[in-house]
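Input: a single structure, listed below in C-alpha cells.
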Amino acid sequence: FGHNRPGGTVYLDYAHNPLVYEGVAGSPNTQQESIVRHQLTLHVGVAYGLFDRLILFAGGSGNVVMAGEGRAGYVAPDGTRFGDLTLGGRIRLAGTPRLGESSYGALGLQVGVTLPMARWISSNSQLTGEGGVMATPELLAEVGGRHLRLTLNVGARLRSTERFNTLTVGHELIWGLGLGVPLGGRAFELDVEAYGATAFSNLLSYQTSPVEA
C-alpha cells in the first residue's frame, strides 16, 4: 500500500432474498416468505499504510433499504438503519505483492474487530449488525504475474451466538477466493470472486454455509 499513504472506498451492496422462511429447513422448494426480500447496504472505509508492510483500516456500513414480508412470530426487517464499525490492521508476513512483475507472491495476516454500533444505537435492532463484539482473524495469500493474480483468504468470525427462532448463528469459518486479470496495464482489472462461510457447530450444513460468487 506504501508508507504514509491513505486510501478510501465507498460502495453499495444489494442482496435479494438474503433471509427466507422455508417450511422444511434446507429445502428451497418449500420457501413461504422472504423475511428480508431487499437489502441495499452502503459501505464506507478508510485505510492508512505504514512502513510498506502495515495497513490500518476502519470501516462502517448501514442499511439504505431493508424490506421484506415478515412472518408472524419472527423478527421483522430493520429498515433504514446504521450498521456496525470495524477497526483492524493487516501486516505482510512474507513476500512482496508487486503487480506487473513477471511473478510474485505474498502472505499476510489481517485482524478486524467489529463493534456492535447498530445495537448500541438502537437496542431493538434485530437483523442489522452483530449482537456483541466480533473478532475476525484471517490469513491472506496472493500469487501472480503480469497477466494473472490469484488470492486466497481463510479465517474465522468469532462472535456471540445469536438465535432467530429456528436459525442459530455463531462462530464461523470464512474463506474467499479471487482471480484477477489485468486489462490495459494497471489501469483496469477483470475480477472474479467467490466467498463463503460455514458454522463451526455445523460444518458444511446447507442452512449455515452461505456461498456467493
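Say whether the condition of being in contact with a Phe, Trp or Tyr (Cβ under 6 Å, 6 or more places away or on another chain) and either closer than 30 Å to Pro6 by Cα or exposed (fewer than 15 other Cβ atoms within 10 Å of the Cβ) (or both) is met by at least one residue in the stretch 66-81. Explain how you work it out, then say what you get.
Pass one, the stretch 66-81, residues in contact with a Phe, Trp or Tyr (Cβ under 6 Å, 6 or more places away or on another chain): 71, 75.
Then drop every residue that is not either closer than 30 Å to Pro6 by Cα or exposed (fewer than 15 other Cβ atoms within 10 Å of the Cβ) (or both), which leaves none.
No.
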### Query
Within the set of pairs 6+ apart or on separate chains, which have a first residue in the stretch 54-77 that is within 19 Å of Ser123 (Cα to Cα), a second that is open to solvent by less than 30 Å² (accessible area, probe 1.4 Å) and among the acidic types (Asp, Glu), and C-beta atoms under 6 Å apart?
Met66/Asp78
### Query
Got a sec? Which of His16, His3, His43 is part of a strand (DSSP E or B) and surrounded by fewer than 14 Cβ atoms within 10 Å (Cβ to Cβ)?
His16
### Query
Which residues, counting only those in the stretch 63-115, are closer than 30 Å to Val181 by Cα and hydroxyl-bearing (Ser, Thr, Tyr)?
Thr86, Thr96, Ser102, Ser103, Tyr104
## Note on the structure
Going through the stretch 93-115 in order, the residues found to be crowded, with 17+ Cβ neighbours inside 10 Å and at pLDDT 95 or above are Gly108, Gln110, Gly112, Thr114, Leu115
### Query
Name the pairs whose Cβ atoms lie under 6 Å apart, with the first residue in the stretch 136-160 and open to solvent by less than 70 Å² (accessible area, probe 1.4 Å), the second at pLDDT below 95 and among the polar types (S, T, N, Q), and 6 or more positions between them or separate chains?
Gly145/Ser102; Gly145/Ser103
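The values are calculated or read from the model by the stated rules, or taken from the named source; none is laboratory data. Quantities reported herein were computed from a predicted structural model and do not represent experimental measurements. Quick reminder, even Gly has a Cβ in these numbers, built from the backbone with ideal geometry, and neighbours come from all protein chains shown. Side chains are part of the model used for accessible areas, which takes the heavy atoms of the whole protein and leaves out ligands, DNA and RNA. Shrake-Rupley method; radii C 1.70, N 1.55, O 1.52, S 1.80 Å.
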